[in-house]
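Trainee: The following block contains the structure, expressed as structure tokens.
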Amino acid sequence: MRVQRSRLAASVFGAALLMTASGCGATTATQEAPDAEAASAEELPQVQPSPEAIKLLPADLQEGGAITMAADLHYPPTSFLAEDNKTPVGYNVDIAHLLGEALGLDVEVKNVTWDGVIPGIAAHRYDFTATNMTPTPERLEVLDMITYWSAGSSLIVAKDNPLDLSLTDQSMCGKKIAVMTGT
């Protein structure tokens, strides 16, 4: 049944994420951080398939294959299209591919509008997403979510913040603002 497969896939991806993250080293003070422009798939940490994680996959995926990721590819540096306007790139895309490697699976990234990601997963058009999405109670009614980083809110204002706007007080009240659709 597809619903069980989706829940199982979320659990397996969570386990693979932990295994993958624990195998990646951080840059030390004496190492130079790689230039973001020079980073490529060949420079990602090398991840070997994890037999323990693969055993948790549904039978049809244990022999390899592909799993589909839904992503809105318009948000650098998280998920976006490379200069060729075809190749998905970004750190969430990298994380998805590393998880796929740990599971012995190819990851097919599908470009989906932000507000189509959750309905697409719920309708079983996609297997998962790796994206910057807060696990709200409403989302948790239809998705299993694994938090792999912590986010905050940002406010972008004119130079020197002439209106003295802040997210911590009522200074935004009555102002015209722009926000992402579907967030």
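Trainee: If the chain between Q62 and Y148 were fully stretched, how many nm would it gain, using 0.36 nm times the residue separation less the Cα-Cα distance? Mind showing how you got there, number by number?
Mentor: Values: separation 86, 0.36 × 86 = 30.96 nm, distance 2.44 nm.
Taking Q62 through Y148 to full extension adds about 28.5 nm, to one decimal.
Trainee: When ligands, DNA and RNA are left out and all protein chains stay put, how many square angstrom of accessible area per residue does segment 102-172 have with a 1.4 Å probe?
Mentor: For segment 102-172, the solvent-accessible area averages 66 Å² per residue.
Trainee: Per-residue counts of other Cβ atoms within 10 Å, averaged by peptide: what ranking do you get for 51-60, 107-116, highest first?
Mentor: Numbers: 51-60: 13.9, 107-116: 17.0.
So the peptides 51-60, 107-116, ranked by packing, come out 107-116, 51-60.
Trainee: Using a 10 Å cut-off on Cβ atoms, rank the peptides 92-103, 146-157 from the highest mean neighbour count down. Can you show the working numbers first?
Mentor: Details: 92-103: 23.2, 146-157: 9.2.
Descending mean neighbour count gives 92-103, 146-157.
Trainee: How far, in nm, would the chain grow between M180 and L165 when pulled straight, counting 0.36 nm per residue and subtracting the alpha carbon separation? It would help to have the intermediate numbers written out before the result.
Mentor: Details: separation 15, 0.36 × 15 = 5.40 nm, distance 1.88 nm.
This chain segment gains 3.5 nm when fully extended.
The values are calculated or read from the model by the stated rules, or taken from the named source; none is laboratory data. What you see is a predicted model; the values in this text were computed from it and never measured. Cβ sites come from the backbone with ideal geometry, for glycine too, and all protein chains shown count toward neighbours. Note: areas computed on protein heavy atoms with side chains; ligands, DNA, RNA excluded. Shrake-Rupley method; radii C 1.70, N 1.55, O 1.52, S 1.80 Å.
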